[in-house]
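Below is one structure; the comments refer to it alone.
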Amino acid sequence: MASGPLFEQASSFDRYRLAQALRALAEEGIFIGTSSWKYEGWLGQIYTRERYLVRASFSLKKFQAECLAEYAEIFPVVGGDFSFYQFPSRDYWRRLFASAPESLRFGLKVPEQITVRMWPRHARYGGQAGQPNPSFLNVELLEAAFLEPLRPYRERVAVLIFEFGAFSKQSYASLQEFLRDLDRFLAALPGGFRYSVEIRNPEYLRPEYFACLRARGVAHVLNAWTRMPELETQLRLHPVFTTDFTVCRALLRRGRTYEEAVKLFTPYQQVKDPYPGGRRALQHLMEVSRRDRRTAFIFVNNRFEGNAPGTIEAIVGP
């Protein structure tokens, strides 16, 4: 059990005004939230410390188990990165959805077991590291291990995200090879969910890629990431909107690695490196979505500027 001051320090962050602004945007079909939610750095900003006390001391266990309900008092949607690393059990889904009000929507990443073609050479992959993934784009596995257990909660799932890491030439010699496999996979997906595709190869942002997504009713994920074009640049690509909803993930400033952002921004208590161009692009996306009456799901990461709630407050504020 962690110790800490009984009451959080005064903050200029106005959670109530932000909640009202986000609620109004959600009524227009623009849903804005953060990527993940269990951050102690948000105590005194999003979270109220005294709600997580056990015998007058802050309980990390209680916080992690219950903070999603308080998150939902402000945000209409949340991004779930956890599902990228596992096939959550039926019991996990039951407990997760029971921990938040029915109004909260979830943007969930599909497990990497489906989207990784070659396992990264990383210690956590053990003997699989550097080897081909036999479950890559396996629709049957996706249906049985992920979609079917999730189906009872599908009304609470905003969107499912297929995140493809940057493919090497060894994985795919050309965009056409990737699209051949991607199109076959998307065509076989069962109905009942919104699907979206996130890529990390900037050279894949071609008309034929967008045409593939449009033909299958799947959204392109506008993503701010280390080696991807700026969000504003992606927004200017004529066919970027491929269906009646759009998805955006503001993850990292272009040129900054994940490791650099973690070192610079942890514990994510405040915006440390404002990113005016990124903010303008997010506001532009909101304007375009409102104009075209296209539902938008926007997820902001702490590693974008240092504190996701602060970034969101800045883009929706007066």
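Things worth noting here:
- In sequence order, calculated HN-Hα J values of the stretch 160-176 (Karplus, 6.51, -1.76, 1.60; Hz; x Gly/Pro): 9, 10, 8, 8, 9, x, 5, 7, 7, 5, 5, 6, 9, 6, 8, 4, 4
- With both residues required to sit in the stretch 15-316, DSSP beta bridges show an antiparallel share near 10%.
- Here, the stretch 15-316 yields an orientationally averaged convex hull projection of 15.6 nm² when only Cα atoms define the hull.
- Two-site label geometry, Arg23 and Ser89: point separation in nm, points 7 Å out along Cα→Cβ: 3.7
- Within the stretch 168-203, chymotrypsin sites (Phe, Trp or Tyr not before Pro) in DSSP loop having at most 12 other beta-carbon neighbours inside 10 Å: none
- Acute angle (nearest 10 degrees) that the helix 60-71 long axis makes with the longest principal axis of the chain, alpha-carbon atoms: 80
- Counting only DSSP beta bridges whose two residues both lie in the stretch 60-163, roughly 10 percent are antiparallel.
- Dividing the summed helix terms, -39500 (n - 2.57) for each DSSP H run of n ≥ 4, by the number of residues in the chain produces a 222 nm estimate of -9500 deg cm²/dmol to the nearest 500.
- Local electrostatic count, Ala72, Cβ distance below 10 Å [Lys/Arg +1, Asp/Glu -1]: -2
- Residues whose placed amide H lies under 5 Å from that of Thr246, excluding near-sequence neighbours: Thr295, Ala296, Phe297
- Computed E for Glu155/His284 - FRET, C-beta separation, R0 25 angstrom, nearest 0.05: 0.25
- On Cα atoms only, tilt of 15-27 relative to the major axis of the chain in degrees: 40
- Centroid-to-centroid separation of the stretch 47-72 and the stretch 244-316 [C-alpha atoms, Å]: 26
- Added length on full extension, which subtracts the Cα-Cα distance from 0.36 nm per residue, Glu260 to Ser135: 41.9 nm
- Distance from the alpha carbon centroid of the stretch 135-163 to that of the stretch 82-128 works out to 10 angstrom.
- Qualifying trypsin sites (Lys or Arg not before Pro) in the stretch 143-233, DSSP loop, other Cβ atoms within 10 Å at most 16: Lys169, Arg200, Arg227
- Close Lys pairs in the chain, defined as Cα atoms under 23 Å apart and 8 or more places apart or on different chains, number 6.
- Seen against the Cα atoms of the chain and their longest principal axis, helix 207-216 is set at about 80 degrees.
Values quoted throughout were computed directly from the atomic coordinates according to the rules given, and no laboratory measurement underlies them. Small disclaimer: the values here were computed from a predicted structure and weren't measured. For neighbour counting, all protein chains shown are included, and Cβ atoms are generated from backbone atoms with ideal geometry for every residue, glycine included.
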